[in-house]
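As structure tokens, the structure follows; a few thoughts come after it.
The values are calculated or read from the model by the stated rules, or taken from the named source; none is laboratory data. It should be emphasised that the depicted structure is a prediction, and the values quoted were computed from it without experimental measurement. Counting neighbours? That spans all protein chains shown, and the Cβs are built from the backbone with ideal geometry, glycine included. SASA here: full protein model, heavy atoms, side chains in, ligands and nucleic acids out. Shrake-Rupley method; radii C 1.70, N 1.55, O 1.52, S 1.80 Å.
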Amino acid sequence: MENFSEWFHNILETADIIDSRYPIKGMSVWRPYGFQIRKHFYNYLTDLLDKDHDETLFPLLIPESELAKEGIHVKGFEDEVYWITHGGQKELNEKLALRPTSETAIYPMFSLWIRSHIDLPIKVYQKVNTFRYETKHTRPLIRVREITSFAEVHTVHSSAEEADKQVQTGIEIYKDIFDKLAIPYLISNRPVWDKFPGAEYTIAFDTIFPDGKTLQIATVHNLGQTFAKTFDITFENKEGQHEYGYQTCYGLSDRVIASLIAIHGDDKGLILPPTVAPKQVVIVPILFKKGQEEVLSKCREIKKSLEDLNIRVSIDDRDLRPGKKFFDIEQKGSPLRIELGPRDLENNKIIYVRRDNGEKSELSIDDDLPVNIKNLLNTIHDNLYDKAWAKFNESLELVEEKENLKSTTEDGKISKFYWCGDTECGKAIEEETDMDVLGIYEDLDDDTEKVCIHCGKKAKHIGSIAKTY
Ligand code: 5CA
Ligand code: ZN
């Protein structure tokens, strides 16, 4: 992959993921194949969230008066909001915002719903589109103006401890989802100057793209009582006193799909983890004039037996030469291709080719075939996971000399460095390297002898820094 950006744009088109020729900048069309990948990702996410959250749906539009209530929050988003000013010909009395995120849509309602500690905790989520008039360079799925796959959770608790615990729960849910997609990540406590507008602290997941830039793929925020005070979310505690609620919110987006495409793909096209592949197995009948019906009927039999194990499988019986089919199947990233011709049928075996490593081998056609295929799919997932993590771990490097910080990071790495934790130092390092501090990677013990890479004072943390999208 010589030029990642070009590769990425091409693959979105050739693999039928999205069409970004829609005539509004930053907005694209999900095409059927991409939509299926998205659907499988969403199904995993929904299953995880449904265990302990309730799905809801709030309106897309937010009155200006609500959006403007929380000062820091509105400041963070004011340059990115799309406004509706007219209904038909008539100018509206109050402008309406297209949600850039939904705190200010949801929290006024929380205020009405919550009366007592009995009503808590509340844990709701919604899967919606959100709109941000991004001023940085837009890129399909990575930085869009209509975020079409925004899944946001909002919770309210009766104590600060419980809200802190919920942050951990959010982190565990996202680890789980990224493991399912074999996406490696670094978890950082974002620096104060880069936390979510209105949050006490922000925990972020970043992954690294083939071009060496990192992408924020999910965030979990502890909102403390800031929004509760603004939106009057109070409850009567066990002692009969009124108290403000403690809140968290967390979310992810289309970027997750961008990551799984970018991280696993190769020059031939997509490589999809079996968890999200629309077709996990594609069977290609190798047909000659003689014995066509036998081969096809065996293919159908195998297909049925795989479907009985919930494997997503199709037969590519298009009237094309096998070479062309192999090319298409590889481009679309199906994890496993099965070939069956008359001679294979005689020998009672199938040929399979793994998309993750190109390995070609055979399996007997017997009662164990479906289970063997299922195991093979698991092996493919594990291999993609191990490969992606191995590469990711190689991209992390501890840098002790300040002179080396820029060059290491420019090599496409996430650099770790000793840091006193002061904003001044963090910002100075960002300025000098022209990179972004991702945040705190790890806290150091009080008796550490390590010193800040910038000021030489005693270090409090190991920070991380990278080129970011
Ligand atoms: N209300 C909170 C939690 S949902 C919130 O909005 N957090 S956020 O601003 O950090 O956005 C959540 C996630 O959406 C981010 O971590 C990032 O992965 C993704 N995201 C943000 N902006 C964009 C964008 N323009 N295009 C694609 N994804 C985005
Ligand atoms: Zn320092």
Worksheet item: From the list 148, 226, which one is within 14 Å of ligand 1 (Cβ to nearest atom), open to solvent by 20 Å² or more (accessible area, probe 1.4 Å), in contact with a strand residue (DSSP E or B) (Cβ under 6 Å, 6 or more places away or on another chain) and within 26 Å of residue 83 (Cβ to Cβ)?
Response: 148
Discussion item. So, in the stretch 151-181, how many residues would count as being among the charged types (D, E, K, R) and either open to solvent by less than 10 Å² (accessible area, probe 1.4 Å) or in contact with a Cys (Cβ under 6 Å, 6 or more places away or on another chain) (or both)?
Written reply: 1
Worksheet item: Name the residues in the stretch 411-452 that are small (Gly, Ala, Ser) and either within 16 Å of ligand 1 (Cβ to nearest atom) or part of a helix (DSSP H, G or I) (or both), would you?
Response: 426, 428, 439
Fill in: Flag if residue 380 is touching a residue at least 12 places away in the same chain (Cβ under 8 Å), more than 16 Å from ligand 1 (Cβ to nearest atom) and farther than 30 Å from residue 337 by Cα
no
Fill in: Wholly enclosed helices (runs of 4 or more DSSP H) of the stretch 49-127 bearing at least 3 residues touching a His at 6+ places or on another chain (Cβ under 8 Å)
103-113
Practice prompt. Would you please list the contacts, defined by Cβ atoms under 9 Å and residues six or more apart or on different chains, that run from a residue in the stretch 212-225 that is of a type in the set (Lys, Arg) to a residue that is more than 6 Å from ligand 1 (Cβ to nearest atom)?
Written response: 213/4; 213/412; 213/466; 213/467; 213/468; 213/469
Discussion item. Can you report the number of residues in the stretch 343-376 which are touching an Asp or Glu at 6+ places or on another chain (Cβ under 7 Å) and over 15 Å from residue 283 (Cβ atoms)?
Written reply: 0
Worksheet item: Which ones in the stretch 418-448 are within 29 Å of the chain's Cα centre (by Cα), hydrophobic (A, V, I, L, M, F, W, C) and near ligand 2 (Cβ under 8 Å from one of its atoms)?
Response: 419
Worksheet item: Would you call residue 184 open to solvent by 40 Å² or more (accessible area, probe 1.4 Å), in contact with a helix residue (DSSP H, G or I) (Cβ under 7 Å, 6 or more places away or on another chain) and more than 16 Å from ligand 2 (Cβ to nearest atom)?
Response: no
Worksheet item: From 451, 399, which residue is open to solvent by less than 30 Å² (accessible area, probe 1.4 Å) and either within 15 Å of ligand 2 (Cβ to nearest atom) or over 30 Å from residue 353 (Cα atoms) (or both)?
Response: 399
